[in-house]
Each structure stands twice: as C-alpha cells, then as structure tokens.
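Just below is one structure, and these are the notes that go with it.
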There are 2 protein chains.
Amino acid sequence: MDPTPNPIMEQALAEAEAAGKRGEVPVGAVLVAAQTNEVLAAAGNRVEELGDPTAHAEILVIREAAARLGAPRLADCDLIVTLEPCPMCAAAISLARIRRLTFGAYDPKGGGVDHGPRIFDQSTCHHRPEVVGGVGETACREVLQAFFRDLR
Amino acid sequence: MDPTPNPIMEQALAEAEAAGKRGEVPVGAVLVAAQTNEVLAAAGNRVEELGDPTAHAEILVIREAAARLGAPRLADCDLIVTLEPCPMCAAAISLARIRRLTFGAYDPKGGGVDHGPRIFDQSTCHHRPEVVGGVGETACREVLQAFFRDLR
C-alpha cells in the first residue's frame with residue numbers, strides 16, 4: 001500500500017514520533033468521523049507516562065472520542081494507526097464498532113489483526129471493521145526501528 | 001470449582017450486582033496484591049455510564065491499581081472477576097503482567113480465555129497468567145442471567 005501515506009496517517013505518524021521523544025514505543029493513532037474525516041481524537045502511546053498498561057494510542061483515541069461523542073459506540077468513525085493493533089486494541093476497536101481500521105506497519109510479534117489471535121477472524125467476534133493494512137508502511141516501520149535502534 | 005466463592009470473589013460479585021443496578025451488564029472485578037490479598041482496586045462495568053467501550057470492570061481495576069502503584073506492570077497482583085474476560089481484557093491482563101487470573105462464569109459467546117481467540121494460548125502472547133476458572137461460577141452466572149431475563 002506504499003509509498004504515499006495519507007494526511008491522516010501523516011498526523012498519526014507525527015503522534016508516533018512525539019511519543020518516541022517522550023520515551024514511549026512510538027505508535028500514534030487518529031480517530032476521525034467517517035463521513036467528514038474530521039479529527040475527533042489524536043494520541044500517541046502513553047503507557048510509561050501514565051503508568052497505565054492500557055494506554056496504547058488506539059485506546060486513548062477511542063476513549064477520547066467516545067467521551068466527546070458521549071457514547072460507547074463509534075459506528076461512524078474510522079481509526080488510523082501507525083502499527084497493526086495488538087489484541088487488546090483490536091478487540092477494543094471491535095467493541096467500539098469502529099467502521100474502518102487503517103494501519104501502517106505490520107507487527108508479526110505483537111499484532112492481533114493479521115497475526116496472533118487474529119481477533120476479527122474469530123467466529124465470536126461480534127463486529128469486524130473494514131481493515132486496510134500497510135498504508136505508509138515504510139515510514140511507520142522506520143519510526144519504530146529507529147526507536148529500538150537508539151535504545152541499544 | 002463451586003460451590004463456595006472466596007471472599008474476594010464475593011466482593012467482585014457485589015460489584016457486579018451494583019453494576020447491574022446502574023443498568024450495566026453485571027460484571028465485577030477486584031485486583032489484589034498477590035502476597036497480602038490487600039484490595040488495590042474494585043470496580044463494576046461502567047461502559048454505559050462513562051460512555052467508554054473500554055470501561056469493562058477488568059480494565060478499570062487495572063488502570064486504578066496501576067495509577068496507585070505508579071507502574072504499568074502489576075506482576076505481583078492477582079485479578080478476580082465474575083465472568084471470563086473478553087479478548088480485550090484478557091490481552092490487557094497479559095500486558096499488565098498480572099500473576100493470576102481467577103474468574104467465575106465461563107463465557108462461550110464473548111470470552112477470550114477459554115473461548116474465542118484464547119489469548120493466553122497464542123504463541124505471540126508474551127505473558128500468560130496462572131488461570132483459575134469457575135470459582136463461584138453458579139452465583140456469578142445467576143447475576144448475569146437475572147439481568148438479561150429482566151431486560152426482556
């Protein structure tokens with residue numbers, strides 16, 4: 001799906017980069033209204049800062065957008081994230097009834113969409129969003145690779 | 001594992017019942033320090049009240065205990081919940097490095113531990129807690145059944 005990230009993915013990437021500068025694993029997410037592409041929430045990973053193991057970028061934007069819309073279901077919303085969501089986030093995306101998930105880099109070790117438990121492929125998964133993977137993949141992967149290279 | 005729920009499960013059950021009275025699916029959870037059994041957090045489901053699709057009882061106690069301990073990992077903690085965790089909560093329990101998960105009723109339709117994606121059985125699952133299912137199963141199931149019977 002490379003080479004051109006879309007503008008929303010560029011924003012997610014900026015959130016990822018900002019997260020990396022805070023010492024977090026650099027993953028960023030944006031949640032938009034599906035019809036208008038209006039940005040309802042944008043966040044980077046804040047697990048270490050908040051001391052909250054659930055504070056992945058996807059969970060933060062889902063919580064923020066749901067609070068903003070005053071409803072626990074976000075059926076008319078799309079989520080854009082730089083990395084394939086982990087099983088927790090994939091399941092949260094399903095619970096939130098998000099319309100479409102777009103992600104950048106694939107995550108064979110920790111992903112829960114195309115890898116591991118493949119949350120949306122389970123017969124007990126009550127809502128499967130449309131899924132588009134690999135958008136801006138190279139740029140999204142490079143932010144992660146640079147972060148882990150600098151850690152060594 | 002019936003018939004006698006342990007005292008912590010009784011507290012989780014009380015949280016479930018309180019959640020049901022608020023119009024929430026009646027699930028309750030308690031997070032304790034593994035060594036002392038000190039209660040660090042207790043909560044019922046608050047999805048509708050908070051308008052937050054991630055506000056399952058398990059997520060709420062993990063977030064509260066992590067905030068209290070100031071750390072995103074809860075390696076010396078045990079989580080007790082009235083219902084088999086869904087895939088989101090099971091994955092969060094793994095991310096939080098919780099030592100032992102004890103749950104009451106099994107959930108063939110929505111569970112993610114012994115059903116569906118079986119989160120902890122995945123080769124990409126980085127931490128598998130000790131799991132004890134069926135503790136106080138009858139009482140935990142009856143709270144749920146009564147709630148859904150009253151809805152009809």
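For the stretch A:74-89, the Karplus equation 6.51 cos²θ - 1.76 cosθ + 1.60, evaluated at θ = phi - 60°, returns couplings of 10, 5, 9, 10, 10, 10, 10, 9, 6, 10, 3, x, 6, x, 4, 6 Hz by residue, with Gly and Pro reported as x.
Amide H to amide H distances under 5 Å link residue A:40 with A:31, A:32, A:33, where only residues 5 or more positions off or on other chains count and H is placed in the peptide plane.
Annotation: amide H of residue A:82 within the under-5 Å range of A:28, A:104, sequence separation 5 or more or interchain, hydrogens built in the peptide plane. With respect to chain A, whose longest principal axis is taken over its alpha-carbon atoms, helix A:7-21 is tilted by about 50°.
Shortest first, residue A:76 label-point distances to identical copies amount to 5.0 nm, with the label point at 7 Å from Cα along Cα→Cβ. Listed values for the stretch B:128-140 are Karplus-derived 3J(HN,Hα) couplings in whole Hz (6.51 cos²θ - 1.76 cosθ + 1.60, θ = phi - 60°), namely 10, x, 4, 10, 10, x, x, 7, x, 3, 4, 4, 5, and x replaces Gly and Pro.
Placing a label point 7 Å from the Cα of residue A:100 along the Cα-to-Cβ direction, the distances to the matching points in the other copies come to 4.8 nm, shortest first. Taking the label point 7 Å along Cα→Cβ, residue A:39 and its counterparts in the other copies are spaced 4.3 nm apart, in ascending order. Report, to one decimal in Å, the Kirkwood hydrodynamic radius for the protein assembly as shown based on all distinct Cα pairs. One over the average 1/r among Cα pairs gives 19.3 Å for the protein assembly as shown.
For the stretch B:1-86, applying the loop criterion from DSSP together with a ceiling of 13 other beta carbons within 10 Å to the GluC sites (Glu not before Pro) yields B:38. If you model the stretch B:51-135 as an ellipsoid using its alpha carbon gyration tensor, with each semi-axis the square root of five times an eigenvalue, the axes come out at 19, 15, 12 Å, biggest first. Averaged over peptide A:42-53, the number of partner chain Cβ atoms lying within 10 Å of each residue's Cβ comes to 4. Per-residue shielding of B:121-134, expressed as the average number of other chain Cβ atoms within 10 Å of the residue Cβ, stands at 2. With Rh defined as the Kirkwood radius, the inverse of the mean 1/r over Cα pairs, the Rg/Rh of the stretch B:1-82 is 0.99. Taking all Cα pairs closer than 8 Å and separated by 6 or more residues, the relative contact order of the stretch A:66-152 comes to 29 percent.
Quick one: helix A:57-69 against the long Cα principal axis of chain A, what's the angle to the nearest 10°, folded into 0 to 90? Value to nearest ten degrees: 40.
Within the P(r) computed for chain B, what percentage of the Cα pairs occupies the region above 24 Å? For chain B, the fraction of Cα-Cα distances above 24 Å is 24 percent. Counting, for every residue in A:80-90, the Cβ atoms of other protein chains within 10 Å of its Cβ and taking the mean gives 4. If you find the alpha carbon centre of the stretch B:122-145 and of the stretch A:51-78, how far apart are they in angstrom? One Cα centre to the other: 26 Å. Under a 5 Å amide H cut-off, with hydrogens placed 1.01 Å from N, residue A:131 pairs with A:101 among residues at least 5 apart or on other chains.
Bear in mind these aren't lab numbers, they're just calculated from the coordinates by the rules spelled out. Note that this is a predicted model, so its numbers are computed, not measured. Quick reminder, even Gly has a Cβ in these numbers, built from the backbone with ideal geometry, and neighbours come from all protein chains shown.
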